[in-house]
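The values are calculated or read from the model by the stated rules, or taken from the named source; none is laboratory data. Remember, predicted model here, so these are calculated numbers, not experimental data. Virtual Cβ from ideal backbone geometry, glycine too; neighbours counted across all protein chains shown.
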Amino acid sequence: MRFKNLTTVIFVAMFLGIVTGYILNISNVGSLVQKIEETEKGIKAIKADSVSYSLLNNHSDNLQSAPSFHDQIVALQKTKTDAEKEKNNTLVFYQTLTTIFLRLIKMIIAPLVLCILIVGIAKLGDLKQVGRIGGKALAWFIFASLISLFLGMLLVNVFHPGKLIHMELPAKGAETGIKASAINAKDFITHIFPENIFDALAKNEILQIVIFAILFGVALAAMGEKGKNLVNALDTASHVMLKITSYVMYVAPFAVFGAMAAAVAVLGIGVLNKFAIYILTFYASLSLLWCILLFFAFLAVGKRVVSLLRHIRQPIILAFSTSSSEAAMPKTIEELNRFGCPENITGFVLPLGYSFNLDGSMMYMTFASISIGHIYGIDLTLQQQISMLLMLMVTSKGIAGVPRASLVVITAMLANFGIPTEGILLFIGIDQILDMGRSATNVVGNAVATVVVSHWEGKLKRNH
């Protein structure tokens, strides 16, 4: 397989994954998922009946007063456990393919970012330049974030997709499994600074790695001739990591196949019918965001924006199919360097972007928050929506390292504006479908940010 044909192979793998997932869904997995959902509903219903029985009979311990309820719950829990085990056994092969690829990517990210950024800062040799580039990057991140949040707010008010979803609402007080307090300003600020760089490297804490790399690079530049050997060694190491990236990319088609097969097997095609309007509206909104971002890229590079899209098509496909922006990061760095962005700017701006410039995720936060309000018949005033936008502008920064980060922030927003937090349960089932679009958009947004900052610095090269 020639490397230049890898994009085609990934598309084929994606198609085969969808077909395989559909076959798995109709043959076995779909019925298992349905059985799991039915047993969960059955357990909740029996627990509710046992509570009612206890109240009617004035008992304090419902399981002792009604042992039959307990037996029924145990039986249903066993049925649920058996179904989950069978489902997991069916999908383990496909999930393993994706897991292997993602682990290989994570293996690369930390040393790649560390080496590229240290070398870039050291070669700049001037803390003022670092501050200038960082300032321009943050200015763009704020601008792009505001556009993303505002666009999500605007389009959800134009199309009202939440009002077109007619489903049974989750029970009041239902457990979402998402902690709304998982992100706060104090924790975020203190978390930026690493206690141990080796711990940060082991956990792929990108923002902590960036802080250490900046300090290390500035110190290395200050050493002058004494530091040149180490700079050259780290420069060589960064190119070695990029070479390893090219090897790992050959695993990508298998990862894409596995990810798509597992996702379609669990979700099925039927889920698209229930949420078709919501999903289509969201993806139409993402498409408009792409157009806006690429318009600003066009202002910077003109017709070369077509070449930019050609360079980042593989990272976009990877992020989309695996629902992971992180999976695309090493390849994005490589392709932006090929496009003509200086290695020091790419290595600086792109890692920062993964903490401050997740445009697709940002847009979804206003889109989903307001949509859930519409589902519950709650129409926020313009003032409330603007307040939500500004709050999200602050609280959403640094969410890249938080599991299910978008859902965490959305849950916090719902609580702040009097919208039932259990409403997030309506979208958890289709979150992977939505996350695919968010992840791909995050790649586009960070690529555009890197190109724009390179243009502002007057260092964008024409490598083709």
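General observations
- Among the residues making up region 12-41, those that are under 30 Å from D71 (Cα atoms) and touching a residue at least 40 places away in the same chain (Cβ under 8 Å) are N28, V29, G30, L32, V33, K35, I36, T39, E40.
- Annotation note: of K47, K35, the sole residue that is surrounded by 14 or more Cβ atoms within 10 Å (Cβ to Cβ) and modelled with pLDDT under 85 is K47.
- Some residue of region 230-237 being in a helix (DSSP H, G or I), of a type in the set (S, T, Y), crowded, with 18+ Cβ neighbours inside 10 Å and modelled with pLDDT of 85 or more: no
- Of all residues in region 290-306, those that are among the small types (G, A, S) and either touching a Leu at 6+ places or on another chain (Cβ under 7 Å) or without any contact (Cβ under 8 Å) to a residue 12 or more places away in the chain (or both) total 2.
- When each of T81, T98 is tested for being on the phi < 0 side of the Ramachandran plot, modelled with pLDDT under 90, hydroxyl-bearing (S, T, Y) and buried (at least 20 other Cβ atoms within 10 Å of the Cβ), the lone residue that passes is T98.
- Residue in region 409-416 that is touching a Ser or Thr at 6+ places or on another chain (Cβ under 8 Å) and either aromatic (F, W, Y) or under 23 Å from I133 (Cβ atoms) (or both) present: no
- Screening region 453-464 for residues that are surrounded by fewer than 24 Cβ atoms within 10 Å (Cβ to Cβ) and of a type in the set (A, V, I, L, M, F, W, C) and picking the one that is farthest from M391 (Cα to Cα) gives L460.
- Hey, S68 more than 37 Å from the chain's Cα centre (by Cα), at pLDDT below 90 and in a helix (DSSP H, G or I) or not: yes
- Of the listed requirements (1) surrounded by fewer than 18 Cβ atoms within 10 Å (Cβ to Cβ); (2) over 27 Å from the mean Cα position of the chain (by Cα), F93 misses just one: (2).
- Selection status of S287, under 21 Å from the mean Cα position of the chain (by Cα), at pLDDT below 90, over 29 Å from R132 (Cβ atoms) and of a type outside the set (V, I, T): no
- The sole residue among I121, I147, I116, I108 that is modelled with pLDDT under 90, surrounded by 14 or more Cβ atoms within 10 Å (Cβ to Cβ) and either within 20 Å of the chain's Cα centre (by Cα) or acidic (D, E) (or both) is I108.
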